[in-house]
Amino acid sequence: MNIRYLSHSGFLAETELAYYLFDYIKGNLPVLKPEKPLYIFASHAHADHFDKMILEHPLSEQANAYIFGTDIRKVLKKKRFSLPDEVADKVIWAECGQTFTLPSCSILSLKSTDEGAAFAIRETDGTSIYHAGDLNWWHWEGEPLAWNRNMEVNYKREIDKLAGWHFKVAFVPLDPRLEDAFCYGMNYFLETTCAEHVFPMHFWEQYDIIAKYTEAFHPDTAIHMIEKENEDYEI
């Protein structure tokens, strides 16, 4: 499997069966093999996860399916923006808790603790991939105790649905804005699931947060030390 880190929460994963493009807002895509399916995911409508360029040529022509968090539909409707016909026919609106099937995989959508959805993908050959979107344990200093406790409960409820999953690769937030709580979501995800390769994301170009995490937690999991945009990893 080849992974390209594009930016922020954007990744391209290439497996034997397909390409999976997640939350692409900028970055350099390689030349994609036309014979291999391309599935484009956008977890939600926030500008750091969704950009209309994914609806345009050449991606609109190459894409076999778009998998979107349902809040994107609401935001586009509010802005009176209609999807191009060649895109609209390919869109799957990922209702939270829904499992649906594509030719190369099945996809479970989870409810984000912010907006939209997270995606757990199981290919027909058994390879599994996870992309969290903004599903994270958002513990903010200054919020009421009850708010933070509710966030914890909601996050754990969704991640518990993945208990027993073995992911070849997982893309999980590690957000330095949460200060001492930056690792809560990552820790619980790794305690609940099995992941061979983990790519931190949503770290706002503060690459040193990855080293800070790996020095203290989970030495048996391959936490990849992302250093810059448009890096490739063979796993």
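Read-outs: derived from the displayed coordinates by stated rules, not from any lab. Fair warning: this is a prediction, and the values are worked out from it, not measured in the lab. Every residue, glycine among them, receives a Cβ derived from its backbone with ideal geometry; neighbour counts consider all protein chains shown.
Quick look at the values:
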read-out	value
Lysine pairs meeting the criterion (Cα under 26 Å, 8 or more apart or interchain), as found in region 77-235	15
Cα gyration tensor shape for region 92-219, rounded if a/c is under 1.5, else prolate or oblate	oblate
Most positive-pole-ward Cα, MET53, SER82, ASN230, against dipole of the chain from beta carbon charges	SER82
Test item: Cα-centred dipole of region 85-191, Lys/Arg +1 and Asp/Glu -1 on Cβ, debye	400
Relative contact order %, region 2-155, counting alpha carbon pairs below 8 Å whose residues are six or more apart	15
Average projection area in nm² (convex hull over Cα atoms of the chain, one quarter of hull surface)	12.4
Descending semi-axes in whole angstrom, ellipsoid equivalent of region 1-128, from the Cα gyration tensor	21, 17, 14
DSSP-defined antiparallel bridges as percent of all bridges, region 58-160, nearest 5	80
Cα gyration tensor shape of region 66-111, rounded if a/c is under 1.5, else prolate or oblate by comparing a/b with b/c	oblate
